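Only one structure is covered here, and it is reproduced in the block below.
The values are calculated or read from the model by the stated rules, or taken from the named source; none is laboratory data. Since this is a predicted model, take the numbers as computed values, not measurements. Neighbour counts are summed over all protein chains in view; Cβ atoms, including those assigned to glycine, are modelled from backbone coordinates with ideal geometry.
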Amino acid sequence: MAKKFYITTPIYYVNARPHIGHAYTTIACDAIARRQRLLGSDTYFLTGTDEHGQKIERAVQASGKTPQEFADDISGQFRALWDRMGLTYDDFIRTTSERHKKGVQALFKKIRDNGYIYKGTYTGQYCVYDELYVDAVGEGAPCPECGRPTETVHEENYFFKLSAFQEKLIALYNDQPDFIRPETRRNEVMSFVRGGLRDLSISRSTFSWGIPVPDDPKHVIYVWLDALANYITALGYGSSDSGKLEKYWPADVQMIGKEIVRFHCVYWPAFLMAAGLPLPKAIVAHGWLLFEENKMSKSRGNIVRAETILEVLGADALRYFLLREIVFGQDGSFSFDAVVQRYNADLANGLGNLASRTLTMITRYFKGEVPYPSHTAAHTAADDAIAEVAQKTIAESGALFDQYQFSKALELAWGLVAAVDKYIVENEPWALGEKQDEGSRARLATILYTSAEALRIVTALVHPVIPESTARIWTQLGLGDLRKFPLSDLKWGQLPLGTKLGAIEAVFPRADKSAVERMQKMEDQGRTTAVEEAKVAGPSAPSDLTAAAAPLAKAVAAVPDGKISIDDFAKVELRVGQVKVAERVKGADKLLRLEVDLGSEVRQVVAGIAEAYDPETLVGRKVVIVVNLAPRKLRGLESNGMIVAASPEGGKPVLASFLEDVPVGTRLK
Ligand code: ME8
C-alpha cells in the first residue's frame, strides 16, 4: 500500500489580499506535495483561509460589507490565485464553513469533557494584530511580539489548562527532536515552555465574529483554537465521516512562517493532547520574505503581489526564484531585479538553452528520433562522467529536497545542467553533424543521447518546483505525461531509444530589460485595488506632504465660488493619532516612515517632514492624520494616510498639534 503523506499550510487571514509571502509557503508545500505524489505517496495537501476573530471584524468595519461577504470576497481571491498558479491543493478549508464550525465545537467539547477547560476571569492585555494574550501592563502598552498598542480585556472566559502540559510538551520536544524545524526555532520554543506556561483564555465575549462556545453562545471560541483546528476539521473531525481523518492524520509536515511558531508548537500539540489525538510529525517554520529590508506584510504596506510576476514571467519563474534564492528557514530579500536575473541565468540560459539546443540537434541530425548511443569506439570517458554526475544528482538532490533544503537541491540540479553544457561545448556536436562517416555519426549519436538523457533526468528531478515548463520539456522529449512518472525509479539510461520527439518550442523566452520596469509599474499602478486592500488590512498607505494632498484638493474644490459644503468637508476624515515609530527612509532625505496609532489600528504613513523633524522627537507625539486618503507607494513603502502640517512658503513644515490633551482616535470636525 502507498505511504500516506499529509501536508498543510497555515490558513491565511482574510483581512487583506494575498501577497508573495503567502505564495511562498503555499508554493513550498505544493512542491513537496508534487514530489511526494511522484514518489508514489498517497498525498493530501490542505490550505485555506482563517476568517474569524477581532482582527477580521475590525477590518470589515471600514468595508460596508457583512463579515461573511467580506470573507467570501477575500477567501475567493486567495483560492483564485492558487488556481491561477496551478497549485495542487486537495482541499481548501474555510473557517466560516459549516463543516469547520461543527468540528471546532466538537473539539471544544472533547477538551472540556476531558477536564481541560474551566471558567474564570481574565484581565489583561490583548494584541488584536497578533490575536494574542500578552504579558504587558496598562491600556495601550506595546505588544511584546509586534510593538503595536495592546488593549485591556476584562472578561469572563473559558480557560484551557495549558499549564498542565508543560512537562508533556518538553518530553515531546525531547523525544521527537524533529518535531520543530529548524533547530533555532526548536530552541526558542523549548526556552519559552521551560519559562512556565500559564492557562490560556480560549473564549471571548466582547465581540461576536466567531464560533459560539457549545452550550454558552454568549462566548465565541478564541480565534487560534478555531484556526488551528482546521488541520483536522478539513479531514472530517467532528463529522460522521472520519475516513480521511483516520487515513491522513497525523500530518507529516505542517509548514508555517516563523512568527506563528508558538501557536503551532505549544498551543496546538497541547490542544491535541487534551483531546487525546495524535500529534503532527513535524512543524516546519520558514523565514520571512523581506522587501527593502523589512518583512513584507499588509500592515507595513510593502507587499508585492504574485500576479505581477505571473503576468510578466509566469508561475514557474516565481516558484523557482523563491525556492532557489531563499535559504529555507532564513529570511530572504525579494526584488524584481533578482527575479529577472535568476530567470535569465538559470531558466532561459540554463535549462531552457540546454533543452532547445539538444532537441534541435536531434531534430536536425536524427530526424527527431532519440539516437542510439555507442558502447564501443565512439564512447568516451566524458560520456561516463555525465552519467555519473546525473546519478549523484538524483541521489543527493532528492535527499536535500526532502530535508527542505530546496535552494541547495536546485543548485545541485543546475550543476548537472552546467556539466552537460560544458560537455556539449567541448564535444562540438555541430562540427560532427557536418560529417557523414560512420565514426562521426556514432560519436554524434552518443553525445546527443547523453545530453538528452541528462536533460530528461534534470527535468524529472525539478518537476515539483517548475511543473509547467518541465511538463513541456518532457512532452518535447516525446515522453508523455510527466505527472505520472515514478520518480523513485529514476536512473540513468531509461530514455527509450528511437523515441520520436514532440514539437520543439522555447520554454523560457529571455526576459528583456523592460521586465523589471514593467513589474515595478504594475505594482505601483495596483493602487486602485490597494485602496480597498489598505482599508481592509487596517494599517498603512499614502502620503508625502504635498503629493498626497493634491487629489484631496481636487475632490473638494468643486463648488464654483471656491467654497465647499459641509458635506464635502465631512468627506475628509481627520483623526488624532499618536506616533509609535518614526524612522528615516533610506535614500530619501525628506521622508520619514511613521507608524501612527489611531486607536482602532496602527497605520504606516510616509511623510515629507524629515528636514523639519528628527524622528526621535516624534515618538509619542499626537498628530492629525487624514485617514481616508487612497493609499500610495513612496520609495516602495505604502503610505496610508497623510499627516497634517502647515507648510509656510519656502519654509519647513510645522505639524498640527493640540494644546490640550486629546484621546487618540478622536475625529476632528
Ligand atoms: O498568521 N514572508 O495568517 P496570515 C514569508 N491566520 N511568509 C509570509 C510572509 C512573509 N513576508 N507574510 C505571510 C495567520 N507569510 C493565521 C494563521 S494557521 C492555523 C493560522 C505566510 O494571513 C507565512 O506562512 O498572517 C505566515 O506564517 C503566514 O503567511 C501568515 O499568514
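Some observations on this one:
- Residue list for segment 253-268, restricted to those being near the ligand (Cβ under 10 Å from one of its atoms) and farther than 19 Å from ARG112 by Cα: GLN254, MET255, ILE256, GLY257, LYS258, GLU259, ILE260, VAL261, PHE263, HIS264
- If the condition is being at negative phi and either modelled with pLDDT under 95 or surrounded by fewer than 16 Cβ atoms within 10 Å (Cβ to Cβ) (or both), then segment 103-123 contributes ASP113, ASN114, TYR118, LYS119, GLY120, THR121, TYR122, THR123.
- Any hit, segment 292-301, residues being surrounded by 24 or more Cβ atoms within 10 Å (Cβ to Cβ), within 11 Å of the ligand (Cβ to nearest atom) and more than 30 Å from ALA506 (Cβ to Cβ): yes
- Against the test of being aromatic (Phe, Trp, Tyr), assigned to a helix (DSSP H, G or I), away from the ligand (no atom under 16 Å from the Cβ) and more than 23 Å from the chain's Cα centre (by Cα), the options PHE207, PHE192, PHE271 yield a single qualifying residue, PHE192.
- Those residues of segment 86-135 which are without any contact (Cβ under 8 Å) to a residue 40 or more places away in the chain, more than 18 Å from TYR267 (Cα to Cα) and touching a strand residue (DSSP E or B) at 6+ places or on another chain (Cβ under 8 Å), in sequence order: THR121, THR123, GLY124, GLN125
- Close Cβ contacts (under 7 Å, 6 or more residues apart or on different chains) running from residues in segment 340-354 that are within 20 Å of ARG456 (Cα to Cα) to residues that are of a type in the set (Val, Ile, Thr) and not in a helix (DSSP H, G or I) comprise GLY352/VAL507.
- The single condition from (1) in contact with a Phe, Trp or Tyr (Cβ under 6 Å, 6 or more places away or on another chain); (2) under 30 Å from GLY665 (Cα atoms); (3) crowded, with 18+ Cβ neighbours inside 10 Å that CYS146 fails is (3).
- Scan of segment 234-268 for residues that are part of a helix (DSSP H, G or I) and over 24 Å from ASP199 (Cβ atoms), ordered by number: GLY243, LYS244, LEU245, GLU246, LYS247, TYR248, LYS258
- Within segment 171-183, the set of residues being surrounded by 15 or more Cβ atoms within 10 Å (Cβ to Cβ) and in a helix (DSSP H, G or I) comprises LEU172, TYR173.
- Hey, THR47 under 28 Å from THR470 (Cβ atoms), within 13 Å of the ligand (Cβ to nearest atom) and in contact (Cβ under 8 Å) with a residue 40 or more places away in the chain or not: yes
- Taking segment 354-381 as the range and being among the β-branched types (Val, Ile, Thr) and crowded, with 18+ Cβ neighbours inside 10 Å as the test, the residues that pass are THR358, ILE362, VAL370.
- Looking across segment 567-584, the residues that are surrounded by 19 or more Cβ atoms within 10 Å (Cβ to Cβ), in contact with a Gly (Cβ under 9 Å, 6 or more places away or on another chain) and hydrophobic (A, V, I, L, M, F, W, C) come down to VAL576, VAL579.
- From the list THR546, THR470, the one residue that fits, being modelled with pLDDT under 95, in a helix (DSSP H, G or I) and either closer than 23 Å to LEU87 by Cα or out of contact with any helix residue (DSSP H, G or I) (no Cβ under 7 Å at 6 or more places or on another chain) (or both), is THR546.
- Flag if SER63 is more than 10 Å from the ligand (Cβ to nearest atom), of a type in the set (Gly, Ala, Ser), surrounded by fewer than 20 Cβ atoms within 10 Å (Cβ to Cβ) and under 23 Å from TYR237 (Cβ atoms): no
- Qualifying residue in segment 406-415 (condition: out of contact with any Pro (no Cβ under 7 Å at 6 or more places or on another chain) and exposed (fewer than 13 other Cβ atoms within 10 Å of the Cβ)): no
Residue-wise test of (1) part of a helix (DSSP H, G or I); (2) at pLDDT 95 or above; (3) surrounded by fewer than 24 Cβ atoms within 10 Å (Cβ to Cβ).
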residue	(1), (2), (3)
ASN15	no, no, no
HIS22	yes, yes, no
ALA28	yes, yes, no
ARG37	yes, yes, yes
THR43	no, yes, yes
GLY48	no, yes, no
HIS52	no, yes, no
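- In the set (1) more than 15 Å from the chain's Cα centre (by Cα); (2) assigned to a loop (DSSP other than H, G, I, E, B), the condition left unmet by ASP337 is number (2).
- Cβ separations smaller than 8 Å between residues 6+ apart or across chains give the following pairs from segment 367-392 residues that are under 14 Å from VAL420 (Cα atoms) to residues that are among the aromatic types (Phe, Trp, Tyr) and in a loop (DSSP other than H, G, I, E, B): ALA387/TRP492; ALA390/TRP492; GLN391/TRP492.
- Only one entry of PRO278, PRO250 meets the criterion of being surrounded by fewer than 21 Cβ atoms within 10 Å (Cβ to Cβ) and either closer than 21 Å to THR95 by Cα or within 12 Å of the ligand (Cβ to nearest atom) (or both), and that entry is PRO250.
- Tally of residues being surrounded by fewer than 21 Cβ atoms within 10 Å (Cβ to Cβ), near the ligand (Cβ under 9 Å from one of its atoms) and assigned to a loop (DSSP other than H, G, I, E, B) across segment 302-334: 1
- All positions within segment 618-646 that are among the small types (Gly, Ala, Ser), part of a loop (DSSP other than H, G, I, E, B) and surrounded by fewer than 16 Cβ atoms within 10 Å (Cβ to Cβ): GLY620
- With respect to the conditions (1) among the β-branched types (Val, Ile, Thr); (2) away from the ligand (no atom under 11 Å from the Cβ); (3) in contact with a helix residue (DSSP H, G or I) (Cβ under 6 Å, 6 or more places away or on another chain), THR9 falls short on a single one, namely (2).
- Pairs, first at positive phi in segment 635-661, second polar (S, T, N, Q), C-beta under 7 Å, six or more apart: GLY636/ASN302; GLY641/SER543
- Yes/no for LEU318 being more than 30 Å from ILE504 (Cα to Cα) and aliphatic (A, V, I, L, M): no
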